[in-house]
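Q: I have a structure here, written as structure tokens, and I will follow up with some questions on it.
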2 protein chains.
Amino acid sequence: MSDQMFRVALASRPSGAPEAANFSYEPAPIPVPGDGEVLVRVHFMSLDPYMRGRMDDAKSYAAPVPLGGTMEAGGVGEVIASNSPAFKPGDFAFGMFGWATHGVQPANMLRKLDPSQGPITAALGVLGMPGFTGWHGLTEYGKPKAGETLVVAAATGPVGSMVGQVAKLAGLRTIGIAGGADKCKLATETFGFDACLDHRAYETAAELQQDLSTACPDGIDIYFENVGGKVLEAVVPLMNDNGRIPICGMISWYNAGGLGAGATSQGLSAPAIWRSILVKFLSVKGFIISNHFDRYPEFLAEVGPKVASGDISYLEDIAVGLEHAPQTFMSMLQGGNMGKQIVKVI
Amino acid sequence: MSDQMFRVALASRPSGAPEAANFSYEPAPIPVPGDGEVLVRVHFMSLDPYMRGRMDDAKSYAAPVPLGGTMEAGGVGEVIASNSPAFKPGDFAFGMFGWATHGVQPANMLRKLDPSQGPITAALGVLGMPGFTGWHGLTEYGKPKAGETLVVAAATGPVGSMVGQVAKLAGLRTIGIAGGADKCKLATETFGFDACLDHRAYETAAELQQDLSTACPDGIDIYFENVGGKVLEAVVPLMNDNGRIPICGMISWYNAGGLGAGATSQGLSAPAIWRSILVKFLSVKGFIISNHFDRYPEFLAEVGPKVASGDISYLEDIAVGLEHAPQTFMSMLQGGNMGKQIVKVI
């Protein structure tokens, strides 16, 4: 076995949308596991919108990736060396290995996978962080009730498709928003949305709002927020009294240069949104899934069997080659993926 | 008894701050109670910031006052005629009689008061809608825990002073914000706030934020929102993770012309506030107290004895004469009152 691996480092911080020059694909020595540590050869890694935030130096809920540091990511792979009784070579595990072909982690930071139970890539999407994010946010803060109406954007992504399907199984009317006719077809045909609107077909929030209003004749009770921007602006006037808005992200604003006073809200002012929360008695709740791992076993117990039975569908978009991860990531931020974005590392 | 009463009607809708010309003080015939109805001679009426919203024609959580209609208000007074077995002349009652010397209401819309238990004006403030608003919002959505820090503006008003005192009794550090040195003295000396900042002493939100930061060395866990504007902008960056923001009003924006896209947020953008909710895992909840009267008996049972014992203090600012109600109201919207604003009608 060679002692050389490859990784993608943060070469410079982007201003606005990331560019190729912000990333550096480079060789590095394979790390040596210490006491209680495990060395994993990464087979697949996850690409997720939150990684854009880690590229900024701004204070957020997680520390930024340092310049020259390996980009952060979850991955699944095979144990090739272990100094822990909990793992042996040949085991499969999920861990935060970064954008890299190899990674060392303490054994207690890894989760063992059973490849006989299904594709290990599921641990990156439908049964991993994104699926868990959708399920937790919907059940804990969305409080879905049969007969209500839910709206979620990025409806064919791993978060949105979980939210839509869990809501549908709970008896809600589900309206997706996605980028392009192909994704909208996927949303309704594969993920069971009652309708899906193509946000690219609308120049303004007002136009989107009009069709959304038609698709939601009884208003919107739950808006699962993962995009912000035009969709948020279109949704807010349609929210019903006592509506709920779990917020797990706002991808449309991630490239907006820090989201400060200079970021455009496309007509939605802070007073207007604050007033809507007041006069519609809305519950708005931000969360990051890493604070809620206590519910992960409950999630697996409830959703795992439904994935196995096909009651919950999922779709993966697998790019090949770590060296293409930056390009794939940049494309994903523009909606270029179809389903959960994964990179096949080997 | 004369058959003439007086009332204040909405003569025209304000654009921005209300002016005297928006109100009309005029005589009217005393209404005759129908079956099951009660005629009350109003002794005291309440003036509250929410009434500003009722003067606009905008869709809100309550219907606007129609042009020519009597301005809305709660009041307390003496029953002078009754067609209901529930009330007899000489009884005292609280009801929504409007800005008027007399009012007729169905008996089931009135609450009987016992003048031997304390001043009937308490039903307009500390033990009425404002005090109940503060207690409900704090206990239900603020979820105060001993050792945490709470911030509330309009700290000497009937909502803010209730919030501060209930939080203090629960073991929180309480920081008030009020307009002027006299109010700040009142906040700390009478209402037990640990500190109070005079928002008039700060030109910008950044300056206010700096002193607020000093007053809240451990950050802010609960911001009880009743003002919006500069205070909100100063508070948001100081909120702790998992903080709670109950919203019962936003008086600083009430005169901002409908709070639409044109309203200034003084530097606070919608994306910035939305991002703060996400990255600090905030819970933001709008409410109107009229949806929560099921908790009113619990409120009275808990807070009533503390008011009687003096553990919870209150202060009333009583203007004399219904004809001065418009001027008193306009002054109150600018912070001209010291304590709960009441008008002595007779």
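The values are calculated or read from the model by the stated rules, or taken from the named source; none is laboratory data. Everything numeric here is computed off the predicted structure, so don't read it as measured data. Note: ideal-geometry Cβ built from the backbone for every residue, glycine included; neighbour counts use all protein chains shown.
Q: In the list A:301, A:319, A:308, which residue meets the criterion of being of a type in the set (A, V, I, L, M, F, W, C) and in the same structural domain as residue A:47 (by TED's automatic domain parsing)?
A: The conditions single out A:319.
Q: Another one. Can you tell me which residues in region B:148-194 are of a type in the set (Gly, Ala, Ser) and over 24 Å from residue B:334 (Cβ atoms)?
A: B:167, B:170, B:171, B:192
Q: Cβ-Cβ below 6 Å, separation at least six or inter-chain, first residue in region A:280-295 and in contact (Cβ under 8 Å) with a residue 60 or more places away in the chain and at the interface with chain B (Cβ under 7 Å from one of its Cβ atoms), second surrounded by 18 or more Cβ atoms within 10 Å (Cβ to Cβ) and in a helix (DSSP H, G or I): which pairs?
A: A:285/A:141
Q: Still on this model: Criterion first (in contact (Cβ under 8 Å) with a residue 60 or more places away in the chain, away from every other protein chain (no Cβ under 14 Å) and not hydroxyl-bearing (Ser, Thr, Tyr)) does residue A:312 satisfy it?
A: In short, yes.
Q: In the set B:319, B:325, which member is more than 15 Å from the chain's Cα centre (by Cα) and part of a helix (DSSP H, G or I)?
A: Step by step, each of B:319, B:325 is checked, and only B:325 is more than 15 Å from the chain's Cα centre (by Cα) and part of a helix (DSSP H, G or I).
Q: Could you list, in sequence order, the residues of region B:104-121 that are surrounded by 17 or more Cβ atoms within 10 Å (Cβ to Cβ) and either hydroxyl-bearing (Ser, Thr, Tyr) or more than 27 Å from residue B:31 (Cβ to Cβ) (or both)?
A: B:121
Q: Let me ask you something else. Give, as residue ranges, the strands (runs of 3 or more DSSP E) completely inside region A:70-111 that count at least 1 residues that are farther than 10 Å from residue A:40 by Cα.
A: A:102-106
Q: Would it be correct to say that residue B:101 is in contact (Cβ under 8 Å) with a residue 12 or more places away in the chain, of a type outside the set (Phe, Trp, Tyr), assigned by TED's automatic domain parsing to the domain that holds residue B:42 and crowded, with 21+ Cβ neighbours inside 10 Å?
A: Taking the combined requirement at face value, the residue satisfies it.
Residue by residue, here is whether (1) modelled with pLDDT of 95 or more; (2) not small (Gly, Ala, Ser) holds:
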{"position": "A:144", "(1), (2)": "yes, yes"}
{"position": "A:148", "(1), (2)": "yes, yes"}
{"position": "A:165", "(1), (2)": "yes, yes"}
{"position": "A:170", "(1), (2)": "yes, no"}
{"position": "A:187", "(1), (2)": "yes, no"}
{"position": "A:203", "(1), (2)": "no, yes"}
{"position": "A:207", "(1), (2)": "yes, yes"}
{"position": "A:221", "(1), (2)": "yes, yes"}
{"position": "A:232", "(1), (2)": "yes, yes"}
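Q: Next question, about the same structure. Give the residues of region B:35-63 that are assigned to a loop (DSSP other than H, G, I, E, B), closer than 27 Å to residue A:281 by Cβ and in contact (Cβ under 8 Å) with a residue 12 or more places away in the chain, sorted by residue number.
A: Result: B:47, B:48, B:49, B:55, B:56, B:57, B:58, B:61, B:62.
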